[in-house]
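Beneath this line is the structure, given in structure tokens, with notes to follow.
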Amino acid sequence: MMNRVGMRVRILGLDPGLRRLGWGVIDAEGARLSWVSHGVIEPPQGDALAVRLLNLFEGVNAVIAQWQPDEAAIEETFVNMNPSSTLKLGHARAAAMLAPAKAGLAVAEYAALDIKKSVVGAGRAEKDQVLFMVKRLLPMAGKAEAGLAADAADALACAITHAHKRKMNGLKAALSRGAA
């Protein structure tokens, strides 16, 4: 798998959460996107925070080992009204980011508003709208045996966003080389 514009690139999208971490893998070849797999990592709720974070890290490591992505993308943490919840989400996000970094993958970060805008066309879209559009853009994801949970749909949306952004960045670079 070459990692250039126009060549197939496998992208891992991650939607971090301490209770449920969504992941999705797509292949991008030019403008064509193909679903590969998706799922949710759910650490046992009764375990200590450190054990749950380790479970997330090991789960993402297993996904990387199985699907061999070339690049990764993760949703940025949003700051909410509860500082403790924001901090815990940040921990889960860090655990998820370490696995692709350990594997030598570049990890792109996208705000939830950018992901929703890229996939749905509106930055304030609801989860069900994201799920609907992911199923439209990646029809095989909606037909998967395990179904498509909202967390996995969000992860696939993150991967789709990365595919769109990397394509645009590649086109911009090609245009700037042509102008030089």
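Please give the net charge around LYS88, taking every other residue with its beta carbon less than 12 angstrom from that of LYS88, where Lys and Arg add +1 and Asp and Glu add -1. Once all neighbours under 12 Å are counted, the net charge is +3. Among MET97, MET133, MET81, the residue with the largest mean-square fluctuation in a Gaussian network model of the chain, with springs joining Cα atoms closer than 10 Å, is MET81. A simple packing score, the average count of other Cβ atoms within 10 Å per residue, orders the peptides 82-88, 18-24 as 18-24, 82-88, with the highest score first. About its Cα centre, region 1-159 has a charge dipole of approximately 200 debye under the convention of +1 per Lys or Arg Cβ and -1 per Asp or Glu Cβ, with nothing else charged. Annotation for LEU54 and GLU109: the two label points, set 7 Å from Cα along the Cα-Cβ direction, are 2.6 nm apart.
Remark: region 149-161, residue by residue, has Karplus-estimated 3J(HN,Hα) of 6, 4, 5, 5, 4, 5, 5, 5, 4, 5, 5, 4, 4 Hz, where x stands for each Gly or Pro and the curve is 6.51 cos²θ - 1.76 cosθ + 1.60 at θ = phi - 60°. For region 17-145, what is the percent of antiparallel DSSP beta bridges, rounded to the nearest 5? Bridges in region 17-145 are about 65 percent antiparallel. Where (i) -0.45, -0.93, -1.04; (ii) -0.65, -1.11, -1.19; (iii) -0.46, -1.04, -1.19 are the candidate values, the label of the one calculated here for log10 I(q)/I(0) by the Debye sum over Cα atoms at q = 0.11, 0.16, 0.17 Å⁻¹ is (i). Between the amide H of LEU33 and any residue lying 5 or more places away or on another chain, no distance stays under 5 Å, with hydrogens modeled in the peptide plane. Taking every C-alpha pair closer than 8 Å and separated by at least 6 residues, the mean separation divided by the residue count of the chain gives a relative contact order of 29 percent. Under a Gaussian network description of the chain, with springs only between Cα atoms under 10 Å, the residue in PHE132, PHE57, PHE78 that fluctuates furthest is PHE78. Within the listed set GLU75, GLU29, GLU126, the residue fluctuating most in the Gaussian network model of the chain (springs between alpha-carbon atoms under 10 angstrom) is GLU126.
Using the Cα centre as the reference, give the magnitude of the dipole from point charges on the C-beta atoms of region 103-168 (Lys, Arg: +1; Asp, Glu: -1; all else neutral), rounded to the nearest 20 debye. That gives region 103-168 a dipole magnitude of about 320 debye.
All of the numbers you see were taken from the coordinates with simple rules; none came from a lab. Quick caveat, the model's predicted, so the values are computed rather than measured. All Cβ positions, glycine included, derive from the backbone under ideal geometry; neighbour counts span all protein chains shown.
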